[in-house]
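Contents: one structure, followed by commentary.
The values are calculated or read from the model by the stated rules, or taken from the named source; none is laboratory data. Please read these numbers as outputs of a predicted model, since none were measured by experiment. Note that each Cβ is placed from the backbone with ideal geometry, even for glycine, and that neighbours are counted across all protein chains shown. For accessibility, only protein heavy atoms count, side chains too; no ligands or nucleic acids. Shrake-Rupley method; radii C 1.70, N 1.55, O 1.52, S 1.80 Å.
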Amino acid sequence: PAEPGVFEADGLITDEPGLCLTVFSGDCIPILFYDPKRRCVAAVHAGWRGTAAGIAARAAEKMAEDYGCDPQNILAAIGPGIGPCCFETHEDVPQGLRNGLRDEAEAFIRPLPGGEKYQVDLKGANRRWLELSGLLPEHIAVCSACTACDLDTFWSHRIQGQRRGSMAAMIQLL
């Protein structure tokens with residue numbers, strides 16, 4: 001991964017100054033991490049599958065395991081992504097969240113009339129994963145912007161399909 005170019009993964013962590021970690025998204029949730037005491041950063045791409053599997057918590061755990069970070073020192077920024085207002089899904093997404101977050105998942109799932117579709121709050125679920133991994137609530141910033149609602153500012157895969165660009169979330173130690 002330290003070689004110039006692109007390394008495909010849903011999560012990256014480093015303590016090497018000058019190495020810029022970048023995740024691309026177009027409705028999925030970018031999450032950036034920084035430990036100012038240990039001087040370590042991470043970037044993750046949390047689509048619904050990554051959210052259900054707890055990629056946000058895994059990143060914080062790897063920062064602790066690989067770089068000696070204390071989760072209470074880690075700062076996290078949950079970036080713009082599709083909000084529950086626009087993220088309508090079938091049962092597979094809520095079931096994935098239930099498999100990962102168990103009973104805690106219900107706070108992020110709202111059944112829609114008719115019982116076949118749901119609205120899901122991916123940002124809220126990722127925030128909860130971070131809290132469960134030991135991050136302090138006041139160390140977690142959540143961008144409220146919905147990429148599907150604001151096409152003048154963001155790209156949305158769900159709304160624009162393949163006729164869209166991608167957004168980049170980047171973090172680098174100086």
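3J(HN,Hα) couplings calculated from phi for segment 113-122 with the Karplus curve 6.51 cos²θ - 1.76 cosθ + 1.60 (θ = phi - 60°) are, in sequence order, x, x, x, 9, 10, 9, 9, 10, 9, 5 Hz; Gly and Pro show x. In this structure the chain gives 52 Å² per residue of accessible area when probed at 1.4 Å with all protein chains present.
Surface composition of the chain: carbon and sulfur make up 52 percent of the accessible area, probe 1.4 Å. Kirkwood hydrodynamic radius (Cα pairs, Å) of the chain? Its Kirkwood hydrodynamic radius stands at 16.4 Å.
Amide H contacts under 5 Å for Leu75: Tyr34, Asp35, restricted to partners 5 or more places along the chain or on a different chain, H placed in the peptide plane at 1.01 Å from N. Close amide H partners of Ala46, meaning residues 5 or more places away or on another chain with modelled amide H under 5 Å apart, are Ile29, Ile31.
Dipole of segment 1-106 computed with +1 at Lys/Arg Cβ and -1 at Asp/Glu Cβ about the Cα centre; of Pro80, Ala105, Trp48, farthest Cα towards the positive end is Pro80. The packing ranking of peptides 16-27, 68-79, highest mean first, is 68-79, 16-27, where packing means the average number of other beta carbon atoms within 10 angstrom of each residue. Relative contact order for the chain: 31 percent, from Cα pairs under 8 Å spaced at least 6 residues apart, divided by residue count.
Computed about the Cα centre, the dipole magnitude for the chain is approximately 220 debye when only Lys and Arg (+1) and Asp and Glu (-1) carry charge, each at its Cβ. Globularity index of segment 104-153 is 1.40 (Cα radius of gyration / 2.2 N^0.38 Å, N = number of residues).
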